[in-house]
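Note sheet for the following structure.
The values are calculated or read from the model by the stated rules, or taken from the named source; none is laboratory data. The structure displayed is predicted, hence computed values, not measured ones. Because the Cβ atoms are built from the backbone with ideal geometry, glycine has one as well, and the counts that use them run over all protein chains shown. Remember, those area values only see protein heavy atoms, side chains included, never the ligands or the DNA or RNA. Shrake-Rupley method; radii C 1.70, N 1.55, O 1.52, S 1.80 Å.
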Amino acid sequence: MEQAASRSGKKVASVAPAPQHLFGAVPLSTQSEEARRLLELAVDNYENAIYRDSAVLAPRAAEKDPQSALAYAMLSFASRRIMPDTVALAKAKSLLPHATPDEQLLVRWMTSIQDRDLLPAISSMNDLLKHYPRDKHVLYMTAEWLYLQQDDDRARSMMEAALQIDPKFPAALNRLGYVYIGSGTPDPAKAIASLKRYAEVEPASPNPQDSLGEVSRMAGDDSASLEHYTAALKIDPKYLPSQEGLGGTRTLMGDFSNARKEYDRAIQLSDNPLDELDAKCQQALIFFWESRADEGRKALAAVAEEAAGKKEPNAQFEIAIAQAMLAADSRDELTRLSALSVFLEKPLAGMNEADRDISRAIVLRERARIASLAGLTGDASEAVAQLKDLTISSRDLVVENAYESARGYLLFHQGELSGAADKLAADPHSPLALQQLASIQEKLGNAAAAQSTRTLLKYQRGPTVEWFLVTHQDPGTSH
């Protein structure tokens, strides 16, 4: 053996860091174990609907490896659920050549969704699924996107496949709870069972209890809803979704005084303008549930002014569409809808393009509905034509469903009942479309189909403007 002194001048070959794989599967370009670990935590938080924590962890991964395209893609992907991050999105695309081939597929899928460039998004998604048909994370994240695109059957199938791989996979247990009650043939018992398994797997997280609170409310079990929301807040007293959830459930129960107090607490918990304005908007809607519409319109106007001052486009849209749909008459509503279309005409800082397309579609669908009910066939036809163009340019399934139901409203008021039913059935997540569909099916003498539609409608229950209108007006009247 040589003495150490005689080797001191020799160069020692460095050992290359081991290659990193996301969850042991997708090869990553980064050689930083810490960057990989933080990325996995960011994905895990995203899957469990903890979007803010995901958006905090992703940039920490980028700090560990500034050349990681996936770190920036994950940051922009999570941020799109709260506040779009266009800088992170651009950085992810610029770093794409540094990524491994399969990592590029994942990054391209995430960025193409945000660019509303759906052909490369779908192509990348399909390639990922071919390469990793038994990776629960690939299955879940693509299934969640399909769920948001209202492709419920495929989403359900893929989530159930992920659950077969890991029967204790929290993300799939959670999302399936919503799929089982809100699509196809609703099965509230199966939905609750899935969420209870989720709570058993994640007992320290408030989100399972929050999901149980929401799905119990959809199923009409308000006492269970309050119980689960309260349990979530015991786990995390600052868990805003559950605090707002208490306000929503109490509103539906007719416990308006306590509903206002719950929303007051939610406003205090809010740490950003969007959450604060959302709670204030929900609180303003209580006036309508109390049959105090004039006071409700004044309250919404005040919140709208605040949202405009804070330049929060997502809140501005939500408040403005509520103001339009709850207007005193169809003429006022159509005027407001027209102004809202102008607001959404160009890109808005703080609102991603996919959300802007969906918002525009909602406005045009409502314009077609109200114009048809008011006998303004020309105005309704124009809204349908604009929706058709938007469907072609966006390639978004949610937009397409809105286009189909808008056509359904127009066909109904032109006396084409069978065609109207076919088109309205394409928009199963709109309570108003389902209400109109059931009414048409009854007129056509199809009692079984009408009953099925009313069952689907029953489980859309929530403290929303559409649900208020469904429960407070006849489907054949505009206001």
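Brief remarks on what is shown
- Dipole of region 71-157 [Lys/Arg +1, Asp/Glu -1 at C-beta], most positive-end residue of 142, 74, 128: 74
- Look at the alpha carbon pairs under 8 Å that are at least 6 residues apart: their mean separation over the length of the chain gives a relative contact order of 9 percent.
- The value for the chain of Rg(Cα) / (2.2 N^0.38 Å) is 1.06.
- In a reduced charge model with +1 at each Lys and Arg Cβ and -1 at each Asp and Glu Cβ, region 371-479 shows a dipole moment near 320 debye about its Cα centre.
- Sites residue 238 and residue 63, calculated FRET efficiency, Cβ-Cβ separation with R0 41 Å, nearest 0.05: 0.95
- Shown here is the pair-distance distribution of region 115-178: with all Cα-Cα distances grouped in 5 Å bins from zero up to the longest one, the shares run 4, 19, 31, 24, 14, 6, 1 percent.
- Compared with the dominant principal axis of the Cα atoms in the chain, helix 118-131 is inclined by about 50°.
- Contour minus Cα-Cα distance for residue 94 and residue 204 (0.36 nm per residue): 35.7 nm
- For region 106-112, Karplus couplings with θ = phi - 60° (6.51, -1.76, 1.60), whole Hz, Gly/Pro x: 5, 5, 5, 4, 5, 6, 5
- Mean projected area (nm²) of the alpha-carbon convex hull when region 274-397 is viewed from all directions: 7.7 nm²
- In degrees, nearest ten, helix 377-394 long axis to first principal axis of the chain (Cα): 10 degrees
- Quotient of Cα Rg and 2.2 N^0.38 Å for region 388-479, N being how many residues it contains: 1.06
- Under 13 Å from the Cα of residue 130 - aspartates and glutamates, other chains or at least 8 residues apart: 102
- Toward the positive end of the charge dipole of the chain, with +1 on the Cβ of Lys and Arg and -1 on the Cβ of Asp and Glu, the farthest Cα among 177, 223, 303 is that of 177.
- Label sites at residue 455 and residue 345, each approximated as a point 7 angstrom past Cα along Cα to Cβ, lie 4.7 nm apart.
- With R₀ set to 51 Å, the beta-carbon distance separating residue 335 from residue 34 gives a calculated FRET efficiency near 0.35.
- Each other residue within a Cβ distance under 12 Å of residue 27 adds +1 if Lys or Arg and -1 if Asp or Glu, for a net charge of -1.
- Residue-level accessible surface for residue 437, protein heavy atoms, 1.4 Å, Å²: 10 Å²
- Under the combined filter of DSSP loop state and at most 13 neighbouring Cβ atoms within 10 Å, region 236-297 retains these trypsin sites (Lys or Arg not before Pro): 238.
- Summarising the label geometry, the points placed 7 Å from Cα in the beta-carbon direction at residue 397 and residue 443 lie 3.0 nm from one another.
- For the chain: accessible area per residue (Å², 1.4 Å): 44 Å²
- Computed from the C-beta positions of residue 196 and residue 473 and an R0 of 56 Å, the FRET efficiency is 0.95 to the nearest 0.05.
- The chain: angle of helix 353-373 to the longest principal axis, Cα-based, in degrees nearest 10: 10 degrees
- Restricting the calculation to Cα atoms, region 316-461 yields a radius of gyration followed by a Dmax of 15.0, 49 Å.
- Charge-dipole axis of region 375-479 as Lys and Arg at +1 and Asp and Glu at -1 on Cβ define it, positive-most pick from 438, 394, 376: 438
- Nonpolar atom fraction for the chain, defined as the carbon and sulfur part of the 1.4 Å probe accessible area, stands at 51 percent.
- In a reduced charge model with +1 at each Lys and Arg Cβ and -1 at each Asp and Glu Cβ, the chain shows a dipole moment near 720 debye about its Cα centre.
- Residue 185 paired with residue 52, simple spin-label distance in nm, labels 7 Å along Cα-to-beta-carbon: 4.1 nm
- Trypsin sites (Lys or Arg not before Pro) lying in DSSP loop within region 78-187, provided at most 13 other Cβ fall within 10 Å: 134, 168
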